[in-house]
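The values are calculated or read from the model by the stated rules, or taken from the named source; none is laboratory data. Note that the coordinates shown come from a computational prediction; the quantities given were computed from them, not determined experimentally. Neighbour counts are summed over all protein chains in view; Cβ atoms, including those assigned to glycine, are modelled from backbone coordinates with ideal geometry. What goes into the accessible areas is simple: the full protein's heavy atoms, side chains included, and nothing from ligands, DNA or RNA. Shrake-Rupley method; radii C 1.70, N 1.55, O 1.52, S 1.80 Å.
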Amino acid sequence: MNLLLVALLGGCSGLRTFTPLAALCWFAWRNVIHFSGWRNFTASLIAVIIFSLFALGEIVNDKLPKTPSRLIPPQQIARMTTAGFVGLVVAQPLLLSPILAIVAGAIGAVVGTYSGWFVRSRTVAALKCPDLPIALVEDAVAIGLSITFLHLIAVHSVLFLGNQGIGFGK
């Protein structure tokens, strides 16, 4: 179950590279998910601001006509790297192996990248509409699913694993 949550969150990175990381920082800053050690940087206001700006910049950039395809290697690598990093961070409250969490996040990013491209391109073609409205829906889906999966991770780590912030909090 835990690896599935990490993979699903990685899938959100496949849709929008920085959205899950920004959402993770918001969750940590709001003290919904607890981290310790080096992971605790995610709970700082600076991390919230920086990664939220990255996520907003990506959302704007995605709508520009000269934005490269998400399927090219540099884009794929960025999505896999970010998803793997998010997996590494949430491995702590989920009591997962860091390596398995990184791999699950990266695999989720690949699946999310191709799924998002497929659904978006096919929806635009089927509806014979401009790309912008579909891209905005994809943004909302990436944000909504990131929040949902992080909420499930927070609840799962407390209810099922007993991590009530002891050793993970500020």
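Here the calculated FRET efficiency for Ala78 and Leu159, from their Cβ-Cβ distance with R0 = 41 Å, stands at 0.75, rounded to the nearest 0.05. Under a Cβ-Cβ cut-off of 15 Å, what is the net charge of the residues other than Ala78 that fall near it, where Lys and Arg count +1 and Asp and Glu count -1? Every neighbour counted, the sum reads +1. For Ser52, the solvent-accessible surface with a 1.4 Å probe is about 20 Å², rounded to the nearest 10.
Average accessible surface for the chain: 50 Å² per residue, computed with a 1.4 Å probe over protein heavy atoms with every protein chain in place.
Using the crude model of +1 on Lys and Arg Cβ and -1 on Asp and Glu Cβ, and no other charge, please compute the dipole size for the chain relative to its Cα centre, in debye to 20. All intermediate terms of the calculation are to be shown ahead of the outcome.
Details: 11 positive and 5 negative charges, 22 e Å.
Here the size comes out at about 100 debye.
Local charge sum around Leu127 (other residues, Cβ-Cβ under 15 Å, Lys/Arg +1, Asp/Glu -1)?
On the way: positive: Arg120, Arg122, Lys128; negative: Asp131, Glu138.
Local net charge: +1.
Taking every DSSP helix (H) stretch of at least 4 residues in the chain, weighting each as -39,500 (n - 2.57) and dividing the sum by the residue count yields a mean residue ellipticity at 222 nm of -25000 deg cm²/dmol.
Rule-of-thumb check for the chain: C-alpha Rg over 2.2 N^0.38 Å? Walk me through the numbers on the way to the answer.
On the way: Rg = 15.9 Å, N = 170, 2.2 N^0.38 = 15.5 Å.
Ratio of Cα Rg to 2.2 N^0.38 Å: 1.03.
Just the protein heavy atoms count here, and of the accessible area of the chain at 1.4 Å, carbon and sulfur take up 77 percent. Label positions at Leu71 and Val111, each projected 7 Å from the Cα along the C-beta direction, are separated by 2.0 nm.
What's the FRET efficiency of Phe54 with Ile147 using the Cβ-Cβ distance as r and R₀ = 22 Å, to the nearest 0.05?
Numbers: r = 17 Å, r/R0 = 0.77.
Result of the calculation: an efficiency of 0.85.
Here's the picture: charge each Lys and Arg Cβ at +1 and each Asp and Glu Cβ at -1 in the chain, and of Cys12, Ile134, Val103 the one pushed furthest to the positive end of that dipole is Ile134.
Maximal additional length on extending the Ser97-Phe118 stretch stands at 4.4 nm, based on 0.36 nm per residue less the C-alpha distance. Most mobile of Val141, Val111, Val60 per a Gaussian network model of the chain (Cα springs, under 10 Å)? Largest GNM mean-square fluctuation: Val60.
The amide H of Phe35, built 1.01 Å from its N in the peptide plane, has no neighbour under 5 Å, considering only residues 5 or more places off or on other chains.
Excluding Phe54 itself, what net charge comes from residues whose Cβ is under 15 Å from its Cβ, given Lys and Arg +1 and Asp and Glu -1?
Values: positive: Arg16, Arg79; negative: Glu58, Asp62, Asp139.
Residues near Phe54 contribute -1 overall.
Each Cα pair under 8 Å and six or more residues apart adds its sequence gap; the mean of these over the residue count of segment 44-170 is a relative contact order of 22 percent.
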